[in-house]
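Enquirer: Have a look at this one.
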Protein chains: 2
Amino acid sequence: MPEVKKPNPARRNERSRHAILDAARELIREVGYAKVSIEAIAARAGVGKQTIYRWWPSKGAVVFDSFLALSGDPEEGEGMALPDTGDIEADLKLVMRATVAEFADPHFEAPIRALNLEIISDSDLAAQYREKLARPVEDVKKARLRAAQQAGQLAADADLDLVLEVLYAPLYQRWLHRSGPLTAEYADALVDVTLKAFRP
Amino acid sequence: MPEVKKPNPARRNERSRHAILDAARELIREVGYAKVSIEAIAARAGVGKQTIYRWWPSKGAVVFDSFLALSGDPEEGEGMALPDTGDIEADLKLVMRATVAEFADPHFEAPIRALNLEIISDSDLAAQYREKLARPVEDVKKARLRAAQQAGQLAADADLDLVLEVLYAPLYQRWLHRSGPLTAEYADALVDVTLKAFRP
């Protein structure tokens, strides 16, 4: 039998989906979240507006998924782990310096701020964000903190949600409000303060 | 000479200004920031749209001033002070419990969230916010922390900006992301952790 070329709708859908998510991120970076429209995303991605509305109910939902796509396949998340050299101070400083550098990077500034505005204003999206993005990452961090508890480097009864808040929330607030410098020294200070606060 | 009733433009302006600011706050509470328009504020306040644009360049600016008005005359701020019983732990717990209760109050939820979205998305407004609202309040808090340093209750070399971030940023992030309960116990835990972190 001669080979017949059939269209492959699944593959075409996947290609459109990627094009839409890439377009959403690019446009946010270029013109800012407020000025991005579903129309502009559709035009950039080379698809019809209806294609976007078939998969997403709102601009916020597309933006959210475009960041989810950026953070990789959630299945891969199972392989995530924080460095564990046995020295919680050194390991956390490595992680926090990288996190501070990321927040300070102008390339990430616009899209991360756009995502945060969506999460803050839309409680449904906030719940999705917690479930799909924040919680898996927090679980990874808590696993490292638990190892530090077992090694006697953190109080055994420390509330790990509170540990993560004390470590990350000051950086988050400083970045959101542009209220102070985001430096390696600041990253180190946050680790020092957190370890002192939750010392055994 | 007979008394002549003259119109008093200054007083009329002041009345319009108050009506506009009240209308802005009321509408945000009722329909949410995104759905409030300059037109709706003007209609509610009984003034023309042009009256608003004469005094404010944008919706964000009106909203900002409506909150500034709520926090009272800045001149009065000079009289502000945190409680000082000599016991920094008790004083901070009193203040933090009140702050947590305010964030947890649904009456304040919508307008405070609207203000925060403005500040996060608009760096000029963020600078104004820091200058006019945040910094004066922070100065008052730092005065109390300095007294605690002198009393040997906080490390003499503690960075007071960092102390305030560790104390308030976790609460702020938890409220913004709706990521945990806002309770008196949480307020106390933040004070305990902060005092341990900055112990002499």
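Enquirer: Along Cα-to-Cβ, 7 Å out, sits the label point; list in nm, shortest first, how far the one on A:Pro200 is from those in the other copies.
Expert: Listed shortest first, these distances are 2.8 nm.
Enquirer: Shifting gears a bit: State, to one decimal in nm², a quarter of the convex hull surface area for the C-alpha atoms of the protein assembly as shown, i.e. the direction-averaged projected area.
Expert: Taking a quarter of the hull surface, the average projection is 28.1 nm².
Enquirer: Roughly how many whole Å is it from the C-alpha centroid of region B:138-189 to that of region B:9-57?
Expert: Each part reduced to its Cα centre gives a spacing of 35 Å.
Enquirer: Here is a further query. Which one, A:Lys49, A:Lys35, A:Lys142, has the greatest fluctuation when you compute a Gaussian network model over chain A with C-alpha springs under 10 angstrom?
Expert: Largest GNM mean-square fluctuation: A:Lys35.
Enquirer: To the nearest 20 debye, what is the magnitude of the charge dipole of the protein assembly as shown about its Cα centre, counting +1 on the Cβ of each Lys and Arg and -1 on the Cβ of each Asp and Glu? Can you show the working numbers first?
Expert: Working: 54 positive and 62 negative charges, 379 e Å.
Here the size comes out at about 1820 debye.
Enquirer: May I ask you to report, in nm to one decimal and beginning with the shortest, the distances from B:Ala151 to the same position in the other copies, taking label points 7 Å along Cα-to-Cβ?
Expert: From this label point to the equivalent ones elsewhere in the assembly: 3.8 nm.
Enquirer: Express in % the proportion of alpha carbon pairs of region B:19-156 at distances exceeding 26 Å.
Expert: 35 percent
Enquirer: OK, next. Please compute the net charge surrounding A:Lys142, taking Lys and Arg as +1 and Asp and Glu as -1 over other residues with Cβ under 11 Å from its Cβ. Don't skip to the end; give the middle numbers.
Expert: Working: positive: A:Arg135, A:Lys141, A:Arg144, A:Arg146; negative: A:Glu138, A:Asp139, A:Asp159, A:Asp161.
Overall, the nearby charge balance is 0.
Enquirer: OK, next. 222 nm [θ] for chain B, helices only, -39500 (n - 2.57) per DSSP H run of 4+, per residue, to 500? Write out the running numbers ahead of the final one.
Expert: Numbers: 10 runs with 138 residues, N = 200.
After summing the helix terms and dividing by residue count, I get -22000 deg cm²/dmol.
Enquirer: Using Cα atoms only, what is the angle between the long axis of helix A:88-104 and the major principal axis of chain A, expressed in degrees (0 to 90) to the nearest 10?
Expert: It works out to around 40 degrees.
Enquirer: With 18 Å as the limit, write out which pairs from A:Lys59/B:Lys35; B:Lys93/B:Lys142; B:Lys93/B:Lys141; A:Lys59/B:Lys59; B:Lys35/B:Lys59 have Cα-Cα distances beyond it, or answer none.
Expert: Details: A:Lys59/B:Lys35 16 Å; B:Lys93/B:Lys142 15 Å; B:Lys93/B:Lys141 13 Å; A:Lys59/B:Lys59 22 Å; B:Lys35/B:Lys59 11 Å.
Listed pairs above 18 Å: A:Lys59/B:Lys59.
Enquirer: Lys and Arg at +1, Asp and Glu at -1: add these up for the other residues within a Cβ distance under 13 Å of B:Ala189 and post the number. Display every interim value, and only then the final one.
Expert: Numbers: positive: B:Lys93, B:Arg97, B:Arg174, B:Lys196; negative: A:Asp157, A:Asp159, A:Asp161, A:Glu165, B:Glu89, B:Glu185, B:Asp188, B:Asp192.
Summing Lys/Arg as +1 and Asp/Glu as -1 gives -4.
Enquirer: Using a label position 7 Å from Cα in the Cα→Cβ direction, what is the ascending list of nm distances from A:Ala90 to the same site in the other copies?
Expert: 4.6
Every read-out reported here was derived from the displayed coordinates using simple, explicitly stated rules and does not represent laboratory data. For clarity, every value in this text was computed on a predicted model and none was experimentally measured. Positions of Cβ are generated from backbone atoms using ideal geometry, with glycine treated the same way; all protein chains shown enter the neighbour counts.
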